[in-house]
Amino acid sequence: MEAAAELAQRLRAAANDRLAGQEPLLLVAAPLLALLAARAVHAAAADVADRGLRTVLITLAMATVKLVPGVSGYIAAEKSKVVEQLQSGSASAKKNLRTELPAVGDPDGVIGELQALKDKDVRWQGKCSGTVYIAGSESEGHFSLINKAYSMFSHTNPLHQDVFKSVAQLEAEVVAMTAALLGSKEKASGGQICGNMTSGGTESILLAVKTSRDYMQSKKGITKPEMIIAESAHSAYDKAAQYFNIKVRRVPVNKEFLADVKGFKRCINGNTIMMVGSAPGFPHGLIDPIEELGELASQYGICLHVDLCLGGFVLPFAHKLGYPIPPFDFSVKGVTSISTDVHKYGLAPKGTSTVLYRNHEIRKHQFVAVTEWTGGLYISPTMAGSRPGGLVAGAWAAMMSLGLNGYLESTGKIMEVSKKIQKGIDDISGLFVIGKPDMTVVAFGSDAVDIFEVNDIMSSKGWHLNALQRPNSLHICVTLQHTAIYEEFLKDLEDSVNTVKANPGPISGGMAPIYGAAGKMPDRGTVKELLVEFMDSSC
């Protein structure tokens, strides 16, 4: 002990002698500078771990290049050109927008003017991927029914439950009927499935993420939340992450384009609040391995959200019809929440979705309650305060008018046509279907032609398909609108492929060069800037 003390004293004396000639300010600043340097190194290492070394280096390189005189101006000019092309002529329409109220109102001319504006919209009947899911015209049949239901309740507001008790009942019934489709009657669900209606899939997803964050904070004390998603998961999860300050860990899909369970497991840590599985995923129409993700969520005690926005009103009926649908709902252990849109294959009016939870303990973290407001006590279940009761009524009317038999019939039609389209695409030389579609979304690429040039030709024929990336591809989301004209789609698609084969290269005014460049551009920050500038210039 004495020897150790003597050695320490000698080291101390030596250090003091060495530092005696140094400036006191330097001695104080050195540890602080070392701390700042350590923090910078730690932040850089974390950035590389999150985004990858290649992405970080490209970002630094682009930032450096922009410092060169004239380069920033050139890039800005080129971005403006791209934005103008993305707008495709909408800039001229923007110049004619009204900016003030008319001095004298014109109630007799309003409807006629609205009709004139509507007549300029793209012809969506039958030729749009997804978009409108109901068959027929807007003035008759199912369209007319839900429009009438909406008009009956167009001035109601679920926020005021004491006044509009009818709408509160309608919402509760829509939620309960939807929950029954998704396993609430199964013993494995626990018998407490609950939820709310929302304005669409994005709000349902935002609420599920916010609720999972707050639930896991109360359960595990997590204050730096992270969620794990596949790169095929909907962009609404990135929106939720930005809104609610949650770190996203994005995992590449496996060779079958499905969520990679092993990759998910590697990302789980003490800050993980939730994982996401899609049934199906928007890009390729494939159902992630929900059961395996559920086992993982149960093992680590974290939340699992299943995105059923597209599949909620198809998969239960497809399963009843005998299609090989893997487990996807609350009957799967570990699933804590589900989002599903009624305004898609539920054939309800636009702006209707549901978010469901396994039990009330979880859902309570969705609500916002305010007790100290001078306006009184306030509580709201969803992101919106006031909500359109007409949409609730329209969704209820859609579900009640169709019933189990109606949904089985419509599902049978779209599933059959989806399989025919899938086979038809496989038969077109130069095209291939991505993965093995489980439902009504068929994605396809090409090893013979530029698929985005094919898309431009299809657009010239009136078709509106979704352009995808990683890999470059297109998809069609099959609806009842397509059941009568799918053969026309396949013929136009084959003709378009043959046209591009015979005359490769972009057509005048086409979007292929932009889609292609965006997919290949290593600096994703520039692509993001383009998107933001396009949106900023649109209104």
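Matching residues to (1) open to solvent by 10 Å² or more (accessible area, probe 1.4 Å); (2) in contact with a helix residue (DSSP H, G or I) (Cβ under 9 Å, 6 or more places away or on another chain):
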| site | (1), (2) |
| --- | --- |
| M415 | no, yes |
| K419 | yes, no |
| G424 | yes, yes |
| D427 | yes, yes |
| V433 | yes, yes |
| D438 | yes, yes |
| V449 | yes, yes |
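Looking at region 387-410, can you tell me whether even one residue there is of a type outside the set (A, V, I, L, M, F, W, C) and either at pLDDT below 95 or not in a helix (DSSP H, G or I) (or both)? Yes, region 387-410 has at least one match. Among residues of region 320-345 being assigned to a loop (DSSP other than H, G, I, E, B) and among the polar types (S, T, N, Q), the one that is surrounded by the fewest Cβ atoms within 10 Å (Cβ to Cβ) is S331. The residue list T202, T178 contains one member that is closer than 23 Å to S386 by Cβ and open to solvent by 40 Å² or more (accessible area, probe 1.4 Å), which is T202. The residue that is least open to solvent (accessible area, probe 1.4 Å), counting only those in region 398-413 that are small (G, A, S) and within 27 Å of the chain's Cα centre (by Cα), is A398.
For region 299-319, filtered to residues that are of a type in the set (F, W, Y) and not in a loop (DSSP other than H, G, I, E, B), the residue that is farthest from F282 (Cα to Cα) is Y300. Selection over region 294-307 of residues that are open to solvent by 80 Å² or more (accessible area, probe 1.4 Å) and touching a strand residue (DSSP E or B) at 6+ places or on another chain (Cβ under 8 Å) gives a count of 1. Restricted to region 430-537, the set of helices (runs of 4 or more DSSP H) holding at least 3 residues that are more than 22 Å from the chain's Cα centre (by Cα) and at pLDDT 95 or above comprises 451-460, 486-502. Within region 309-321, residues that are in contact (Cβ under 8 Å) with a residue 60 or more places away in the chain have Cβ atoms under 6 Å from residues that are of a type in the set (D, E) in these pairs: C309/D341, counting only partners at least 6 apart in sequence or on another chain. The C-beta contact set for region 150-168 (first residue within 15 Å of L391 (Cα to Cα) and in contact (Cβ under 8 Å) with a residue 40 or more places away in the chain, second residue open to solvent by 50 Å² or more (accessible area, probe 1.4 Å) and hydroxyl-bearing (S, T, Y), distance under 7 angstrom, 6+ apart or interchain) comprises N157/S386; L159/S386. If I filter region 185-194 for residues that are open to solvent by 30 Å² or more (accessible area, probe 1.4 Å) and more than 15 Å from R358 (Cα to Cα), do I get at least one hit? No, that holds for no residue. Among the residues of region 102-156, those identified as in a loop (DSSP other than H, G, I, E, B), at positive phi and of a type in the set (G, A, S) are G126, G130, G136.
Can you name the residue in region 289-325 that is under 15 Å from E416 (Cα atoms) and hydrophobic (A, V, I, L, M, F, W, C) and is also farthest from the chain's Cα centre (by Cα) among such residues? Per the stated criteria, the residue is L321. Here is the figure for region 253-293: residues that are over 25 Å from M216 (Cα atoms), free of Cβ contacts under 8 Å to residues at least 60 places away in the same chain and surrounded by fewer than 19 Cβ atoms within 10 Å (Cβ to Cβ) total 2. Scanning region 367-390 for residues that are of a type outside the set (S, T, N, Q), open to solvent by less than 30 Å² (accessible area, probe 1.4 Å) and touching a Ser or Thr at 6+ places or on another chain (Cβ under 8 Å) gives G389, G390. If you scan region 356-380, which residues turn out to be part of a loop (DSSP other than H, G, I, E, B) and under 30 Å from H319 (Cβ atoms)? Of everything in region 356-380, those that are part of a loop (DSSP other than H, G, I, E, B) and under 30 Å from H319 (Cβ atoms) turn out to be R358, N359.
One residue alone among G112, G130, G141 is over 24 Å from A395 (Cβ atoms) and either open to solvent by less than 100 Å² (accessible area, probe 1.4 Å) or of a type in the set (V, I, T) (or both), and that residue is G112.
When restricted to residues that are within 18 Å of A176 (Cβ to Cβ) and among the hydroxyl-bearing types (S, T, Y), region 317-348 contains 4. Of all residues in region 214-233, those being within 28 Å of H284 (Cβ to Cβ), surrounded by 22 or more Cβ atoms within 10 Å (Cβ to Cβ) and out of contact with any Leu (no Cβ under 9 Å at 6 or more places or on another chain) number 4.
The values are calculated or read from the model by the stated rules, or taken from the named source; none is laboratory data. Computed from a predicted model, the values in this text were never measured in an experiment. Glycine also receives a Cβ, built like all others from the backbone with ideal geometry; neighbour counts cover every protein chain displayed. These area figures cover heavy atoms from the full protein model, side chains too; ligands, DNA and RNA do not enter into them. Shrake-Rupley method; radii C 1.70, N 1.55, O 1.52, S 1.80 Å.
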